[in-house]
Amino acid sequence: MRIDILTILPKLLEGPLSDSIMKRAQEKGHVEIHIHNIRDYSTQKQKSVDDYQYGGGAGMVMMIQPIADCIEKLTSERKYDEIIYMTPDGEVLDQSMCNGLSSVENLIILCGHYKGVDQRIRDLFITKEISIGSYVLSGGELGAAVLVDAVVRLIPGVLNDETSALTDSFQDNLLAPPVYTRPEDYKGHKVPDILLSGNLPKIEEWRHEQSVKRTEERRPDLLD
Ligand code: ADE
């Protein structure tokens, strides 16, 4: 997979995408992540990327030209499956959307700032608008990092058996069961006996029951 991210704050993305599983996924060749600084595409003298909004009102709007030039350069080089805009008024990200995106070849992700991007960018280029939750971030970068992390870890081969996504919360619309490691007894707080029994079918049954119980208690909406 190839992911091109358009941003005015590249540093915000470099950190989260250059460590741990995201680092390994790139080193192993499962994903290529290219970060483009929108400012580099500005034809203005001051390299500006935003301007006052027509009709008045507080807050700047990201201009069409640098974003359009960057998107057009990329789309002239290869075909993209989706051109995504990160925005609080987009479709709320969930695991099934991540599963779907993990099997595509090429993605562009545009990070907004200020009051957002000129509506014509959305009308002309964007194929999917994604929000990571019902709150407003200072910009789309942290949302894009969340999206990339959640998608890339689902690409076959990125996770090994130990970190397999198959047992994640949400993968079957259930939350993950509780987990324990050494010691068996911490100041009188014991690990459930069943996990020490060695009876694998019984352990699986217990884990499933715990998942259902947790989901009923914490996220009953997932069971609808
Ligand atoms: N940009 C600002 N807020 C956002 C959100 N909640 N999700 C995605 N992008 C955003």
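The values are calculated or read from the model by the stated rules, or taken from the named source; none is laboratory data. What you are looking at is a predicted structure, and each value in this text was computed from that prediction instead of being measured. Every residue, glycine as well, gets a Cβ built from its backbone with ideal geometry; the counts of neighbours run over all protein chains shown.
Here are the numbers for the structure shown:
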{"quantity": "Flag for Leu137 being under 15 Å from the mean Cα position of the chain (by Cα) and within 13 Å of the ligand (Cβ to nearest atom)", "calculated": "yes"}
{"quantity": "Residue count, region 22-64 (criterion: within 21 Å of Met86 (Cβ to Cβ) and not hydroxyl-bearing (Ser, Thr, Tyr))", "calculated": "23"}
{"quantity": "Criterion (of a type outside the set (Gly, Ala, Ser), under 30 Å from Gly57 (Cα atoms) and in a helix (DSSP H, G or I)) met by exactly one of Leu195, Leu222, Leu142", "calculated": "Leu142"}
{"quantity": "So Ile194, is it touching a helix residue (DSSP H, G or I) at 6+ places or on another chain (Cβ under 7 Å) and assigned by TED's automatic domain parsing to the domain that holds Gln53", "calculated": "no"}
{"quantity": "Long-range neighbours under 7 Å by Cβ, at least six apart or interchain, first residue within 16 Å of Asp221 (Cβ to Cβ) and assigned to a strand (DSSP E or B) within region 88-99, second of a type outside the set (Ser, Thr, Tyr) and near the ligand (Cβ under 9 Å from one of its atoms)", "calculated": "Val92/Gly133"}
{"quantity": "Residues being β-branched (Val, Ile, Thr), under 20 Å from the mean Cα position of the chain (by Cα) and in a loop (DSSP other than H, G, I, E, B) - total across region 23-75", "calculated": "1"}
{"quantity": "Subset of region 150-189 [charged (D, E, K, R), modelled with pLDDT of 95 or more and touching a helix residue (DSSP H, G or I) at 6+ places or on another chain (Cβ under 9 Å)]", "calculated": "Arg153, Glu184"}
{"quantity": "Region 100-133 - residue that is farther than 23 Å from Tyr54 by Cα and near the ligand (Cβ under 7 Å from one of its atoms) and, of those, nearest to the chain's Cα centre (by Cα)", "calculated": "Ile132"}
{"quantity": "Answer from Ser134, Ser138 - the residue that is loosely packed, with under 11 Cβ neighbours inside 10 Å, of a type in the set (Ser, Thr, Tyr) and touching a strand residue (DSSP E or B) at 6+ places or on another chain (Cβ under 8 Å)", "calculated": "Ser134"}
{"quantity": "Candidates Val146, Val152 - the one that is in contact (Cβ under 8 Å) with a residue 40 or more places away in the chain and away from the ligand (no atom under 15 Å from the Cβ)", "calculated": "Val152"}
{"quantity": "Residues being loosely packed, with under 12 Cβ neighbours inside 10 Å and of a type in the set (S, T, N, Q) - total across region 35-65", "calculated": "2"}
{"quantity": "Among residues of region 103-121, those that are outside any strand (DSSP E or B) and crowded, with 18+ Cβ neighbours inside 10 Å, counted", "calculated": "5"}
{"quantity": "Total residues in region 69-93, condition exposed (fewer than 13 other Cβ atoms within 10 Å of the Cβ) and either over 25 Å from Thr43 (Cβ atoms) or within 16 Å of the ligand (Cβ to nearest atom) (or both)", "calculated": "4"}
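Each row is one residue, and each column tells you yes or no for (1) under 18 Å from Asn99 (Cβ atoms); (2) outside any helix (DSSP H, G or I); (3) outside the structural domain of Leu93 (by TED's automatic domain parsing).
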site: Asn173; (1), (2), (3): yes, yes, yes
site: Pro177; (1), (2), (3): no, yes, yes
site: Pro201; (1), (2), (3): no, no, yes
site: Glu204; (1), (2), (3): no, no, yes
site: Gln210; (1), (2), (3): no, no, yes
site: Arg214; (1), (2), (3): no, no, yes
site: Glu217; (1), (2), (3): no, no, yes
